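The values are calculated or read from the model by the stated rules, or taken from the named source; none is laboratory data. Quantities reported herein were computed from a predicted structural model and do not represent experimental measurements. Here Cβ is always computed from backbone atoms with ideal geometry, including for glycine, and neighbour counts include all displayed protein chains.
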Amino acid sequence: MTTRHSSSGIHPRLWWRLLLLVPIVATLWVPWYNHREPTFIGIPFLYWYLLLWVPLSSVCSAVVYFKTRDLA
Amino acid sequence: MQWSTLIVFLVLFVFVTALGFIAAHWRKGDLNQLHEWGLGGRRFGTLVTWFLMGGDLYTAYTFIAVPALVFGAGAIGFFAVPYTIVAYPIVFAVLPRLWYVAHKHNYVTGADFVRGRYDSPLLALLVALTGILATMPYIALQLVGMEVVISALGFPMSGWAADLPLLVAFVILAAFTYTSGLRAPALIAIVKDSLVYITVIAAVVIIPMQLGGFGKIFAAVPPAKVLLAVPTGQSLGMYSAFATLALGSALALFVYPHVLTGVLAAKNPRTLTRNMAFLPAYSLVLGLLALLGFMALAVGVDKVPQYAPFFKQYANNFAVPALLMHSFPGWFVGVGFAAIVIGALVPAAIMSIAASNLWTRSIYRAYINPSCTEAQEASQAKLASLVVKFGALVFVLIMPATYAIQFQLLGGIWIIQILPALVFGLYTRWFHRYALALGWLGGMGVGTLIAAHLKFASSIYPLHAFGYAIPGYAALYSLILNIAIAVVLTVVLRLLGVAGGQDQTVPGDYHATRPA
């Protein structure tokens, strides 16, 4: 087994952690979603887009968890 | 007020109170030891950690403050959704390191870690004091939430009798926290979440049906409130305010003492990271509750004559209670109100426990009685949990509460200042301890001045730079100043050769030990 902080640097699978940045960027860059259209069951885009990112961020966290759980 | 509301509410409240006292016997440990009383013996598994962290993250903030902001100010209030989305990945990446190092060295608080890492009682003291101070307005927000709902149950709103129900709730909270420690809110959180989910699901299904669908609801909202104001040639408008509120709140969240308590009470780091995939379920609830603000606008609850005195007293914070009373039969209003009040009690208990852990470990034992026994330590923590709650009452009395969310935003401005010492410290010893202390001083001073300049009624400061006005959350601006000071002074102090202190930890303490 490799140590996480071996002399060769970080473990390659820890790069999966970059996936954690995706929900952060997607929900903080306001110009992408400050629109009324398209609406979903009458809810403006701004609101359903951000709500949709809740399960999507879960998925990102879950992927990183399964890819790195034996390293953490 | 209807009797059915009051009876359902009281039954649920008495049940939860009993649970709070019974919790002392749950997974029994010696409650005269600080890590048993204040961290539940560090034995909470995935499910209890989930309820516990949900219990302290989703609070009167979620039920009262955020919908109130949406009701009063529109889209900007929805920043709470990206805030909670952004927070988890950060926690995921950072806090397992704290768990490992804290477990290795028996640190109970963030201040314990800072003291060991930087060999600096001063820096640890600043971290501890900041934690205690910032927790008070956050607990105050919980008290405001309870007050609003209890008044809606029909108790008088003025005179000495007005304060009585809140006082009773407050005393019960204090009493079960004192006897059962962290076990009480952990157990109650399970009941609380059930009530919350029932209320929220009913509300987001039934109320839109009553109002003719979301299309009609948003059509009834003034257009200026539906979207964020677009940037102009001179100002970034609401865009920067929205994004900085979300990011600043997320960065502040995970250095709050009560969040660190939840982290350290987990039995292992995998329990934590696994939870980061499940915790967003609470964000969904938060987002749906925020939409209740628009539903309240569409109904026009503030124009219903019978609610007028409540809006006069509690301003926008009354939006959700009014909407529930307007839309549901009496008994179900009782369920919803119980969800809100218990949802405020749980985090208030956890927050006061966290603040008292800080007091005991990082101030009492470090400065006042270094040779104290374990029993003395635990009894100090129990007393401190009472003092912190009274501090919170002071904030309720002195701060304007047009938007209850201001309490939490003010707490954020303060708590975020310990981020460089705590979080950067998990990764590097490069920063100099005195540079961090002076950075803290700068951030704390400027952040508080901005809040005072805005008369504690707003946390958005219009920074002028490059010919633009960039309205943003004061916590983030003051944090940037804090970091800048810390970087510059670290370079200076190193050049001057000022001693940096002895590091108690080694790199291997920050992750799992595994065979080479």
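Look at (1) in a helix (DSSP H, G or I); (2) at pLDDT below 75 and you find that B:M157 fails only one, number (1).
Restricting the search to region B:477-516, which residues are within 14 Å of chain A (Cβ to nearest Cβ) and outside any helix (DSSP H, G or I)?
B:T505, B:V506, B:H511, B:A512, B:T513, B:R514, B:P515, B:A516, listed by residue number.
Which residues, counting only those in region B:224-237, are within 10 Å of chain A (Cβ to nearest Cβ) and without any contact (Cβ under 8 Å) to a residue 40 or more places away in the chain? Residues satisfying the conditions are B:A229, B:V230, B:P231. May I ask you to list the residues in region A:16-48 that are surrounded by 15 or more Cβ atoms within 10 Å (Cβ to Cβ) and out of contact with any helix residue (DSSP H, G or I) (no Cβ under 8 Å at 6 or more places or on another chain)? Residues satisfying the conditions are A:F45, A:W48. The number of residues in region B:92-125 being crowded, with 18+ Cβ neighbours inside 10 Å, basic (K, R) and either touching a Cys at 6+ places or on another chain (Cβ under 9 Å) or away from chain A (no Cβ under 14 Å) (or both) comes to 2.
Scanning region A:7-60 for residues that are at the interface with chain B (Cβ under 7 Å from one of its Cβ atoms), in contact (Cβ under 8 Å) with a residue 24 or more places away in the chain and closer than 20 Å to B:G248 by Cβ yields A:L20, A:P23, A:T27, A:W53, A:S57.
It is to be established whether one or more residues within region B:99-113 are outside any helix (DSSP H, G or I), at pLDDT below 90, in contact with a Leu (Cβ under 7 Å, 6 or more places away or on another chain) and over 17 Å from B:L291 (Cα atoms).
The answer is yes, given that some residue of region B:99-113 is outside any helix (DSSP H, G or I), at pLDDT below 90, in contact with a Leu (Cβ under 7 Å, 6 or more places away or on another chain) and over 17 Å from B:L291 (Cα atoms).
Here B:V204 meets the list (1) surrounded by fewer than 24 Cβ atoms within 10 Å (Cβ to Cβ); (2) within 12 Å of chain A (Cβ to nearest Cβ); (3) over 23 Å from B:L69 (Cβ atoms) almost entirely, failing just condition (3). Criterion applied to B:G29, B:G41 was being surrounded by fewer than 20 Cβ atoms within 10 Å (Cβ to Cβ) and either at pLDDT below 70 or within 16 Å of B:E377 (Cα to Cα) (or both), and the one residue passing it is B:G29. Only residues that are within 16 Å of B:A75 (Cα to Cα) and either out of contact with any Lys or Arg (no Cβ under 9 Å at 6 or more places or on another chain) or in a loop (DSSP other than H, G, I, E, B) (or both) were counted in region B:216-227, giving 8.
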